[in-house]
Amino acid sequence: MKRCLVIEDELNASRFICQALQMAGYEAVPCHNGLDGARLALEGHWDIVILDRMLPGQVDGLSVLERLRAHNDHTPVLILSALGSTDERVRGLRSGGDDYLSKPFALDELLARVEALLRRPVTVPSPVLQVADLVLDTRHQRVTRAGQTIVLQPREFRLLEYLMRHAGQVVTRTMLLESVWDYHFDPQTNVIDVQMSRLRTKVDKDFSLPLIQTVRGIGYLFSASDQHV
């Protein structure tokens, strides 16, 4: 039985969605706020997440989605929202959503979209990552650059893996805290700066092309381009 997590704060809507899913043969688990929704989504194994865009509180739908993707969780996510403009739909999809359904909607259409998402092949992240001459092998926990072995501590390895999986994208300090340190708050320490400095020393110091770039006021960019931000 396929497992569906339904993160929807409107109780009647949540009940109707869960009932429709159950009648269609799915297991449906409701959740009514973003904080618990993010926790459940990351802790459990789900075949699909149905996510309300406008959840109350600081952890809204897009925040839940960003946390999932920051942890390299590729579970299909169907966004539900009363915000049906093109800009909002594009924003939801670019934040990592797999489909976007505007409210109000027919339950038959919701079920059809769920079925379509579940038919898509699951993308398994590659166990070997390469950017320029830097190679990271997650299976053997090994890193080399230009054929030279680089010895990393476990946290440094997780940090480098996250940067490489997001190569070419700016990653914020919040994304790093949540995905590498499992912090959902800012500890007000320089932990990221210290670890990034150590990683730079090992990955970039002895090579002509630096891969770790600082994006001032935002975070970091891992790129083989020599154009620093």
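Any read-out appearing in this document is the output of simple, stated calculations on the displayed coordinates, not a laboratory observation. Owing to the predicted nature of the structure, the values given are computational and were not obtained by experimental measurement. FYI the Cβ positions are ideal-geometry reconstructions off the backbone, even for glycines, and counts take in every protein chain you see.
Take the conditions exposed (fewer than 11 other Cβ atoms within 10 Å of the Cβ) and closer than 24 Å to L65 by Cα and apply them to P154. Does it pass? Reasoning before the result, please.
Values: exposed (fewer than 11 other Cβ atoms within 10 Å of the Cβ): yes; closer than 24 Å to L65 by Cα: no.
When the stated conditions are applied, P154 does not pass them.
When you go through H45, H32 one by one, which is the residue that is touching an Asp or Glu at 6+ places or on another chain (Cβ under 8 Å) and closer than 30 Å to L177 by Cβ? Can you show your working first?
Numbers: H45 fails: touching an Asp or Glu at 6+ places or on another chain (Cβ under 8 Å).
The match here is H32.
Here are some residues: V151, V180, V203. Which one is within 24 Å of L42 (Cα to Cα) and of a type in the set (A, V, I, L, M)?
Details: V151 fails: within 24 Å of L42 (Cα to Cα); V203 fails: within 24 Å of L42 (Cα to Cα).
None of the other options fit; the residue is V180.
Which of the numbered conditions does D87 fail, given that it passes all the others? Conditions: (1) under 20 Å from the mean Cα position of the chain (by Cα); (2) within 30 Å of L163 (Cβ to Cβ); (3) free of Cβ contacts under 8 Å to residues at least 40 places away in the same chain.
Failing condition for D87: (1).
Looking only at the stretch 49-96, how many residues end up being part of a helix (DSSP H, G or I), crowded, with 17+ Cβ neighbours inside 10 Å and not charged (D, E, K, R)?
Residues flagged as part of a helix (DSSP H, G or I), crowded, with 17+ Cβ neighbours inside 10 Å and not charged (D, E, K, R) within the stretch 49-96 amount to 8.
Run L134 past the list (1) over 30 Å from D36 (Cα atoms); (2) surrounded by fewer than 19 Cβ atoms within 10 Å (Cβ to Cβ) and report the number of the one that doesn't hold.
Of (1) over 30 Å from D36 (Cα atoms); (2) surrounded by fewer than 19 Cβ atoms within 10 Å (Cβ to Cβ), only one is false for L134: (2).
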